[in-house]
Structure formats: C-alpha cells, structure tokens
Amino acid sequence: MKLKILVVAGDGIGPEVTNEAVAILKEVAAIGGHEFTFSERRIGGVAIVKDGTPLPKETIEAALASDAVLLGAVGGNEFNSLPPDKRPEAGLLGIRTVLGGFANLRPSFAFKELTVNSPLRPEVIDGTDILFVRELLGGLYFGKPREWNREAGEAWNTMRYTKGEVVRVARIAFELARKRRKKVTSVDKANVLEVSQLWRATVTEVAKDFPDVELEHQYVDAMSMHLMFRPRTFDVVVTENLFGDILSDEGGVITGSLGMLPSATIGGKVNLFEPVHGSAPDIAGKGLANPLGAILSAALILRHSAGLEAEAAAVEKAVRKVLEQGFRTPDLARDNPQGFPVLSTTEMGAKVREMVKTLLVTA
Ligand code: NAD
Ligand code: IPM
Ligand code: MN
C-alpha cells in the first residue's frame, strides 16, 4: 500500500520522538513491501523563528496533500509572553482546523509492567482500557468573542458549541463503543453551564440510535475523581475540548507516564496523529524523552490511515513486549527497584523496531 506522510516534528522533544515513530513506520514498510513516503515541514516555535509564523503556508499545503500528518509537539518557554494567536500553540490549533478532524481519540491504558510507575495502586488500575474521545475543534479554544482588554483589566473567552458539532463527535464515540465494551461516559458541567446542557441533551438524543450502548453522564469535577478511584469502569469517554485536554493528561497517571500516550484525530480531510504530551522543554535535547507515545501514534497511523490492522497491532505488541523485558526510559523508571535497564530515546526506539521485526517476520 502507498501512504504519503507529512512529519511536522515541531519543538523541544518533538523531533526526538517523531524520529523514532518514523523509523518504526519505515521498518513496517520495508517488511511489508509498502510504499510510505515522508516529507517534513515546520510548525510551532521553529516556524516562528524561521518563517515568522507558527503555521507557514507551505506546511498547510503539504498537510492537505498528504494522507496522514504526524506531529511531534510545539511550544517553548521563550514564546510564553506572546499572545495566543502568535504562539507556537496557534500553529497546532491552526493545523487541526485546516485538517478538520473533530474527534481526537486518546487511549489511556494500564500496562501491567508499568503499574509500579503509577502512584495509583495496581489493583485500582489493573485492566484499565479507556478511550477518550475529545472534541477538538470547538469550545473555549475557538469560541468568540475572546479578548484580553488590558486597559480594563479584563479578559474573556467563549465556550460555544452547536448541536451539530456535538452530534458528530457523539456519534463517533457511540460507534467506537459498539466495537468495544459498549459503554459511553459523557462528561460535562451541565449543573452550571448552558453549553453543557446542550451537550448533555444532544448526547442523550444521539444515544437513542445506539440502544445497545450504555450511556452515563458525569460532571467533570466528579469525573476527575472517578477516573482515579475506578478507572476500570470506563470504556469510551466523550467530552468537550478543554475537559478532554485535562482528563486525557490525567490518563497519563493511569498509564504511568504522559510520554506513553498516543492520539489520532479523525473525521476531517486528513487524519492527524500526535502524542498527547507536549514539547517538554525540561528534558529536550538530552535523549531522555520517552518515544513510546509517538511510536503508538505511528501504530494509529497504520490502523486509521493505512488500514494495516495487523501491523498496527504488531507495533502495539512490540511496545508491550519491550516493557515486559524490563526496558525503560527515565520517566518510566522513577521507581526502579528491579533495576530495569534505562534506555535513551533512540535506544528505546531501536528496541521496539527490533521487536516489530521479530513479530512481523516470524508471523
Ligand atoms: P509537557 O507535556 O510538555 O510536559 C509535562 C511533563 O511531562 C514534563 O515534566 C515533561 O518532562 C514530561 N513529559 C512529557 N512528555 C514526555 C515524554 N515523552 N517523555 C518523558 N517525559 C515527558 O507539558 P508542559 O510542560 O505543560 O508544556 C510544555 C510545552 O508544550 C508548552 O509550550 C505547551 O503549550 C506545549 N504542549 C504542546 C502539546 C502539543 O504540541 N501537542 C501538548 C501539550 C503541551
Ligand atoms: C494537547 C495540548 C494542546 C491542546 C495545546 C498545546 C494547544 O495541550 O494537545 O493536549 O490544548 O490541545
Ligand atoms: Mn494537553
């Protein structure tokens, strides 16, 4: 099969982790005789410095001409004083808008081997398998009016959703739940916000088309607690943009590190794949970054954009096996009583590649 992949590595640890994700995809292509082609463009802070904008036109054009976009991360402390529309993050929000994907799938899972790395007790997280479906193109991130009126000492943003925006993301959540454990938890703040009341009423209406799927509603404050107390009881969790941003990072606690979490954004012109984590300026350039979130995002490219399910599953299995063998990156070895081997970013990437080769060649 043929696939044109645009890599926008971005800032901080973005290039370090995407290198490993690309290397895995090249390995899978070589083994299976697939024709994956890769091109690179700038986004975020690197683009501000070189092109004067966080999302250059060439990046937009190349993204729209590709079959899948793999993004590393954007952001850096040197840009912190810029207004939102000039910051590296505006590049990310811009490319999401251009590509049009509104359903951001963020799995959160407990790997048995990593339970020691989570502050939660193994018996609480064991077997957890959650799929967050985060609405990605609406809510506070994009709602107008928005402004910081410095003279008045006042600032405002707008959380706005149309019914149609809620319907389309809710349908995706129910369809995905149908292929999983048939439960959807919808998260909102309907006890306070009109926009959440629209959200809840709309999700409830959509649920009527999916009588085989159980629907539960939770307020976001309670949900952030339930997620820690009883993560295993959740299957698909659908929520608006900002709540999904926050809850999916909380999912990193279940998995044992934010660096493990991948994401896929579907429903638009071109699918977008990115790890959940950011540019991690505190560890950038040191070979300390965990590439597994990016590598698992590469697996999602194989699944959602290439239709190569067996290969996607092989990459996921390879990650699990390498962890089973005891290999760790520093973020996974905070508590390392067994003295597991701690690898650099590139070493971890190479281990997973080796394992993918073993799995796919002997399969
Ligand atoms: P962050 O996700 O970059 O880092 C949070 C913590 O997790 C840090 O301690 C970091 O070292 C650690 N971490 C993150 N990814 C890791 C990995 N792969 N391996 C090991 N440790 C990892 O969040 P932040 O520090 O709040 O934000 C830093 C910058 O990243 C900001 O500019 C923010 O806007 C941006 N950001 C970008 C994205 C994105 O591009 N998708 C996502 C989140 C944050
Ligand atoms: C994420 C990030 C982004 C978001 C930022 C960097 C714009 O936190 O992908 O989770 O809030 O969506
Ligand atoms: Mn986030």
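The values are calculated or read from the model by the stated rules, or taken from the named source; none is laboratory data. Please read all numbers here as calculations on a predicted model, not as lab measurements. No Cβ is skipped: glycine too gets one built from the backbone with ideal geometry, and neighbour counts run over all protein chains shown. These accessible areas exclude ligands, DNA and RNA; they are computed on the full protein's heavy atoms, side chains included. Shrake-Rupley method; radii C 1.70, N 1.55, O 1.52, S 1.80 Å.
Output the residues belonging to region 62-86 that are open to solvent by 50 Å² or more (accessible area, probe 1.4 Å), assigned to a loop (DSSP other than H, G, I, E, B) and under 21 Å from Tyr141 (Cα atoms). Quick ask: steps written out before the conclusion?
To start, the set of residues in region 62-86 that are open to solvent by 50 Å² or more (accessible area, probe 1.4 Å) comprises 64-65, 67, 77-78, 80-86.
Pick out the ones that are also assigned to a loop (DSSP other than H, G, I, E, B) and you get 65, 67, 80-83.
Scanning region 62-86 gives Asn80, Ser81, Leu82, Pro83.
The lone criterion from (1) away from ligand 3 (no atom under 16 Å from the Cβ); (2) in contact with a Gly (Cβ under 7 Å, 6 or more places away or on another chain) left unmet by Glu240 is number (1).
Restricting attention to region 279-295 and to residues that are more than 6 Å from ligand 1 (Cβ to nearest atom) and open to solvent by less than 40 Å² (accessible area, probe 1.4 Å), the residue that is nearest to Ile13 (Cα to Cα) turns out to be Ala284.
Hey, does region 26-37 have a residue that's in a loop (DSSP other than H, G, I, E, B) and either small (Gly, Ala, Ser) or in the same structural domain as Ser297 (by TED's automatic domain parsing) (or both)?
yes
Kindly establish whether Ser248 is modelled with pLDDT of 95 or more and touching an Asp or Glu at 6+ places or on another chain (Cβ under 8 Å). Give the steps one after another, and end with the answer.
Numbers: modelled with pLDDT of 95 or more: yes; touching an Asp or Glu at 6+ places or on another chain (Cβ under 8 Å): no.
Answer is no for this residue.
Among the residues of region 258-278, those that are open to solvent by less than 10 Å² (accessible area, probe 1.4 Å), within 16 Å of ligand 3 (Cβ to nearest atom) and in a loop (DSSP other than H, G, I, E, B) comprise Leu261, Pro262, Ser263, Glu274, Pro275. Residues in region 119-148 that are basic (Lys, Arg) and buried (at least 22 other Cβ atoms within 10 Å of the Cβ): Arg134 alone. I need every pair where a residue in region 256-278 that is of a type in the set (Ser, Thr, Tyr) has its Cβ under 8 Å from the Cβ of a residue that is part of a strand (DSSP E or B) and within 13 Å of ligand 2 (Cβ to nearest atom), sequence separation at least 6 or different chains. Every condition considered, the pairs that remain are Ser263/Asn104; Ser263/Leu105; Ser263/Arg106; Ser263/Phe273; Thr265/Asn104; Thr265/Leu105; Thr265/Leu272; Thr265/Phe273.
Quick one: is Leu300 touching a strand residue (DSSP E or B) at 6+ places or on another chain (Cβ under 8 Å), hydrophobic (A, V, I, L, M, F, W, C), in the same structural domain as Lys4 (by TED's automatic domain parsing) and in a strand (DSSP E or B)? Explain how you work it out, then say what you get.
Details: touching a strand residue (DSSP E or B) at 6+ places or on another chain (Cβ under 8 Å): yes; hydrophobic (A, V, I, L, M, F, W, C): yes; in the same structural domain as Lys4 (by TED's automatic domain parsing): yes; in a strand (DSSP E or B): no.
Here the answer is no, as Leu300 does not meet what is asked.
Taking the criterion of being open to solvent by less than 40 Å² (accessible area, probe 1.4 Å) and not polar (S, T, N, Q), the residues of region 37-61 that qualify are Ile43, Gly44, Gly45, Ala47, Ile48, Pro54, Leu55, Pro56. Among residues of region 195-210 that are among the aromatic types (Phe, Trp, Tyr), none has a beta-carbon under 6 Å from a residue that is open to solvent by 60 Å² or more (accessible area, probe 1.4 Å) at least six positions away or on a different chain.
Assess whether Ala312 counts as being within 15 Å of ligand 1 (Cβ to nearest atom), touching a residue at least 12 places away in the same chain (Cβ under 8 Å) and either among the aliphatic types (A, V, I, L, M) or assigned to a loop (DSSP other than H, G, I, E, B) (or both). Here the answer is no, as Ala312 does not meet what is asked. Give me the pairs: first residue in region 163-186 and at positive phi, second residue open to solvent by 30 Å² or more (accessible area, probe 1.4 Å), beta-carbon distance under 8 Å, and six or more apart or on different chains, which are they? Every condition considered, the pairs that remain are Lys182/Asp212; Lys182/Glu214. One residue is enough: does region 99-108 have a residue meeting the conditions more than 11 Å from ligand 1 (Cβ to nearest atom), farther than 23 Å from Ile130 by Cα and not in a loop (DSSP other than H, G, I, E, B)? Among the residues of region 99-108, at least one is more than 11 Å from ligand 1 (Cβ to nearest atom), farther than 23 Å from Ile130 by Cα and not in a loop (DSSP other than H, G, I, E, B), which makes the answer yes.
Count, please, the residues in region 200-250 that happen to be in contact with a His (Cβ under 9 Å, 6 or more places away or on another chain), farther than 30 Å from Thr115 by Cβ and within 13 Å of ligand 2 (Cβ to nearest atom).
Of the residues in region 200-250, the ones in contact with a His (Cβ under 9 Å, 6 or more places away or on another chain) are 200, 203-204, 218, 233-234, 249.
Next, from what is left, pick out any that are farther than 30 Å from Thr115 by Cβ: 200, 203-204.
If we keep only those that are within 13 Å of ligand 2 (Cβ to nearest atom) too, we end up with none.
Residues meeting the conditions: 0.
Hey, can you tell me all the residues within region 217-257 that are within 16 Å of ligand 1 (Cβ to nearest atom), open to solvent by 40 Å² or more (accessible area, probe 1.4 Å) and among the charged types (D, E, K, R)? Working first, answer last.
Keep residues of region 217-257 that are within 16 Å of ligand 1 (Cβ to nearest atom), which gives 241-257.
Remaining after also requiring open to solvent by 40 Å² or more (accessible area, probe 1.4 Å): 242, 245-246, 249, 253.
Those that are within 16 Å of ligand 1 (Cβ to nearest atom), open to solvent by 40 Å² or more (accessible area, probe 1.4 Å) and among the charged types (D, E, K, R): Asp245, Asp249.
Across region 251-290, the number of residues qualifying as within 12 Å of ligand 2 (Cβ to nearest atom) and charged (D, E, K, R) comes to 1. Residues of region 326-361 that are out of contact with any strand residue (DSSP E or B) (no Cβ under 9 Å at 6 or more places or on another chain), under 21 Å from Leu261 (Cβ atoms) and open to solvent by 50 Å² or more (accessible area, probe 1.4 Å): Arg334, Asp335, Thr346, Glu347, Lys351, Arg353. Looking across Ala65, Ala152, Ala90, one residue alone is within 16 Å of ligand 3 (Cβ to nearest atom) and more than 30 Å from Ala333 (Cα to Cα). It is Ala90.
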